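Since the structure comes first, as structure tokens, the remarks are kept for the end.
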Amino acid sequence: MADPSVVKAVRILAHVARDGASVSLADLSAAVKLPKPTVHRLAVLLEQQGFLHKDPLTRRYSIGWIFHDLCFHAIQSAPAHQDRQVLLQRLSEKLGETVNFGVLSGREVVYLERVESSWPLRMDFKPGSRVPMHCTAIGKLLLAFAPRRRREELLRSGPLKAHTGNTITKPSLLRRELLEIRRRGHSEDNEEFLVGVCCLAVPVKDRRGKTVAGLAVSAPSARFPLEKARAYLPDLQACAAELGAQTGRPGRILRVDEVRRW
């Protein structure tokens, strides 16, 4: 028989992971239907072990770095890893460029999968690499489709660092960009993170139609400008649909509501 305390702790951890935004003790207690003293005791233990993070100012809970790390390694070691690789390899060969599959982790994007192009001129990132959310195609895409409370928390959580002359560093301008991304259904990085590199990203949606990850093509602007990338939107969207269709199946590619908001 399972230890009741362990079951309760898992329920708390699962709710924080799925909620997306940081959660207060009162809201957490109501959501998991446990007394506040019980939730507080277990949350303290989870925080001490790195599974939860408690903001010292707001006293709200979010997912901790240990859980982030466990989620990434679990996804990378799952049998479905090979299925993702096949889909991304096929897309990369058709486009002739590098493709990335990633989720938000705090203020960064984590690449869960990445297939490099065969060109000698390419970016040296690996699965597990982290890039900024505010100046990358996947990052802006996931911000645009995130719940409003989560999006505003992220936009207010720190400065928007300039990586190139094209980086959007004003929250008001980024909010305007996010509205445009939601309108057109895809995101673009016009040399905003790396000089000479552009990216285009489309959403990966689960069976409920919720955006849970991003799929992007990235390449040197001189070889694969955004105008050319846009011509491949149907191919990116078709691949994203295949990835999303496998969520929730046995041997699924990704149970995204478990990991997307690391």
Please quote Rg/Rh for the stretch 142-247 to two decimal places, taking the Kirkwood radius as Rh and restricting both calculations to Cα atoms.
0.98
What does the charge count around residue 115 come to, taking other residues whose C-beta lies under 10 Å from its C-beta (Lys +1, Arg +1, Asp -1, Glu -1)?
-1
Mind sorting 63, 138, 168 by how few other Cβ atoms lie within 10 Å of their own Cβ, fewest first?
168, 63, 138
Rg from C-alpha atoms of the stretch 80-142, normalised by the globular rule of thumb 2.2 N^0.38 Å, equals 1.11
Shape call, the stretch 155-209: gyration tensor on alpha carbons, a/c limit 1.5:
oblate
Theoretical gain in end-to-end length, residue 245 to residue 230 [0.36 nm per residue, Cα-Cα removed]
3.1 nm
Which ordering of 167, 211, 58 is given by a fewest-first count of other beta-carbon atoms within 10 Å?
58, 167, 211
Expressed in nanometres to one decimal, the distance between label points 7 Å along Cα→Cβ at residue 89 and residue 148 is 4.5
How high is the FRET efficiency between residue 237 and residue 156 when r is their beta carbon distance and R₀ equals 41 Å, given to the nearest 0.05?
0.85
On full extension of the chain, what length is gained from residue 126 through residue 222, given 0.36 nm per residue of separation minus the C-alpha to C-alpha distance?
32.3 nm
Starting with the fewest neighbours, write out 189, 206, 55 ranked by other beta-carbon atoms found within 10 Å of each beta-carbon.
55, 206, 189
State whether the stretch 4-63 is rounded, prolate or oblate according to the following rule on the C-alpha gyration tensor (a ≥ b ≥ c being the square roots of its eigenvalues): a/c under 1.5 gives rounded; otherwise a/b larger than b/c gives prolate, and the remaining case gives oblate.
rounded
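Here, each number is a calculation from the coordinates, and none is a lab measurement. The structure presented is a predicted model; accordingly, all values stated were derived computationally and were not measured. Methodologically, a virtual Cβ is constructed for each residue, glycine included, from the backbone with ideal geometry; neighbour enumeration extends over all protein chains shown.
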